[in-house]
1. Only one of these conditions is not met by A:C166: (1) over 20 Å from the mean Cα position of the chain (by Cα); (2) open to solvent by 10 Å² or more (accessible area, probe 1.4 Å). Which number is it?
2. State whether one or more residues within the stretch A:167-174 are aliphatic (A, V, I, L, M), out of contact with any helix residue (DSSP H, G or I) (no Cβ under 8 Å at 6 or more places or on another chain) and within 11 Å of chain B (Cβ to nearest Cβ).
3. Return yes when B:G80 is surrounded by fewer than 22 Cβ atoms within 10 Å (Cβ to Cβ), within 12 Å of chain A (Cβ to nearest Cβ) and closer than 24 Å to B:G167 by Cα and no when it is not.
4. What's the number of the condition B:F155 fails, among (1) open to solvent by 10 Å² or more (accessible area, probe 1.4 Å); (2) within 30 Å of A:L39 (Cα to Cα); (3) in a loop (DSSP other than H, G, I, E, B)?
5. Which residues, counting only those in the stretch B:175-197, are in a helix (DSSP H, G or I) and open to solvent by 50 Å² or more (accessible area, probe 1.4 Å)?
6. Looking at the stretch B:11-48 only, could you name the residues that are open to solvent by less than 20 Å² (accessible area, probe 1.4 Å), part of a helix (DSSP H, G or I) and in contact (Cβ under 8 Å) with a residue 12 or more places away in the chain?
7. Against the definition (open to solvent by less than 30 Å² (accessible area, probe 1.4 Å) and charged (D, E, K, R)), how does B:K65 come out, yes or no?
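The values are calculated or read from the model by the stated rules, or taken from the named source; none is laboratory data. The structure presented is a predicted model; accordingly, all values stated were derived computationally and were not measured. Neighbour counts run over all protein chains shown; Cβ positions are idealised from the backbone, glycine included. All accessible areas refer to the heavy atoms of the entire protein, side chains included, with ligands and DNA or RNA removed. Shrake-Rupley method; radii C 1.70, N 1.55, O 1.52, S 1.80 Å.
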2 protein chains.
Amino acid sequence: MNKDIPVISLQRLPVYLNYLKGLPEGETYVSSGGIAAALGMGEVLVRKDLAYTSAAGKPRVGYVKSELIAALEDYLNCNGRRSAVLVGAGALGRAVLSYGGFNNYGIEIVAAFDSDPEKTGTEIAGKRIYSMDEAEREIKRLKAELAVVCVPAQFAQEVADKLVECGIKAILNFAPVMIRTDDKVVVRHIDVAANLAILSIMLEG
Amino acid sequence: MNKDIPVISLQRLPVYLNYLKGLPEGETYVSSGGIAAALGMGEVLVRKDLAYTSAAGKPRVGYVKSELIAALEDYLNCNGRRSAVLVGAGALGRAVLSYGGFNNYGIEIVAAFDSDPEKTGTEIAGKRIYSMDEAEREIKRLKAELAVVCVPAQFAQEVADKLVECGIKAILNFAPVMIRTDDKVVVRHIDVAANLAILSIMLEG
């Protein structure tokens, strides 16, 4: 297994995994050509991406499907156990807290923080909402290194700075604004509106 | 203006726009070098991306900030008026319906569809929820070409097929599964859990 993977390849591994998990139970083998055709990608690219995992394809037959799934799950640490926290228990934050998909990747959102005193002390989807003042204590206690930021744009940078101070090493940012951190912290940005705008422009192009 | 833009460049235009809108009012000029440094990118890349818009930078002074913002907004059709529909009024669908960010890009979610009879006929964030049987009629009436899919994974393909039948040309898919459509329909996939998993692997790498 090679962890020195380009982000662009890493991003495709969950796509392969989802595709393979959706195949009928009865299929034992899958080929890089079959995956490529189904996902509308090039076969060489698929083979290169999969070579980062421990999966070994065999000439002519391809990969044993269950082995390839296991290799991808292993690479993506799906059977691990990592804790994440969330900041901003508004409409989007509530949806993310209620979302069951994280445990497919061995990730659990263990706590949330919000500055609204009416929300602190309550629970959403079984997750306790704490005040921002409690963030440092809880993040350290829960040993969380991942955080999801669902606050309005104007608070995102301040919240990110605070999270980094508390020991967070990776931030998934839903706020429609760029977050700047030092180079040791990794940030991914999901801008829902921009994604829809991009689609719309692709349609015109 | 050149609409023949690679998706990878197109994806960065909203990032520049957000950055520029966040700058202090008083700043009149911005340089590609300044943008590049602030966003941690290469200057040549920034200049190339911005060259797809109608913005014209001047040697030494750079771009007039307000002109560059207007050029990006123009390129991204932010002052246009496009209608989108949403399918799946669960926790995530509700959050997307309540999300105000779309109008920054000239997009309005005008209706939603759900198969749950308890939801149909109600409104979320002022948007009417219709049954799936009403999809074709409403999509045609509203002249919507964009759709946001927020249904569970096992229904996503079926819902996408139905939407394409009804005239939808672009789908933003939140279901954790690949949607396949014919080549004329554009699809973007936001897999929230996979994004958090990718961050986590980047942290280890």
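1. (2)
2. Scanning the stretch A:167-174 turns up no residue that is aliphatic (A, V, I, L, M), out of contact with any helix residue (DSSP H, G or I) (no Cβ under 8 Å at 6 or more places or on another chain) and within 11 Å of chain B (Cβ to nearest Cβ).
3. Yes.
4. (3)
5. Residues satisfying the conditions do not exist here.
6. Across the stretch B:11-48, the qualifying residues are B:L13, B:P14, B:Y16, B:L17, B:L20, B:S32, B:I35, B:L39, B:V46.
7. yes
Conditions tested, residue by residue: (1) without any contact (Cβ under 8 Å) to a residue 24 or more places away in the chain; (2) buried (at least 19 other Cβ atoms within 10 Å of the Cβ); (3) among the basic types (K, R).
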position: A:L86; (1), (2), (3): no, yes, no
position: A:L92; (1), (2), (3): no, yes, no
position: A:S98; (1), (2), (3): no, no, no
position: A:G121; (1), (2), (3): yes, no, no
position: A:D133; (1), (2), (3): yes, no, no
position: A:N173; (1), (2), (3): no, yes, no
position: A:L199; (1), (2), (3): yes, yes, no
position: A:L203; (1), (2), (3): yes, no, no
